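To start, the structure itself, in structure tokens.
The values are calculated or read from the model by the stated rules, or taken from the named source; none is laboratory data. Nothing here was measured: the structure is a model prediction, and the numbers come from that model. Glycine also receives a Cβ, built like all others from the backbone with ideal geometry; neighbour counts cover every protein chain displayed.
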Amino acid sequence: MLDIYCHGCGGFICDPRHIEYRLPPGVAELAVPRSSFCSCTPAVIYGPPPGYLSSPGMPRLEHRST
């Protein structure tokens, strides 16, 4: 199982239904993950939401082969 941490406060997100996906503001500094629960309403994750290809306004992710 994958743990999800809020990029705003670093807390564990226990209910993924209440996540707000955002574009990072300039150079985003992510909060350091911590062992307590997220206190943000809603929890913040910088990046595309699930199904981002159908979400207008989200930049396209480029995959690079190495």
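This table checks each residue for (1) more than 17 Å from Leu2 (Cα to Cα); (2) of a type in the set (S, T, N, Q); (3) assigned to a loop (DSSP other than H, G, I, E, B); (4) modelled with pLDDT of 85 or more.
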site	(1), (2), (3), (4)
Pro25	yes, no, yes, no
Glu29	yes, no, yes, no
Val32	no, no, yes, yes
Ser39	yes, yes, yes, yes
Ile45	no, no, no, yes
Leu53	yes, no, no, no
Met58	yes, no, yes, no
Glu62	yes, no, yes, no
Thr66	yes, yes, yes, no
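Those residues that are surrounded by 12 or more Cβ atoms within 10 Å (Cβ to Cβ) and of a type in the set (D, E, K, R), I need them from segment 3-37; list them, please.
Scanning segment 3-37 gives Glu20, Arg22, Arg34.
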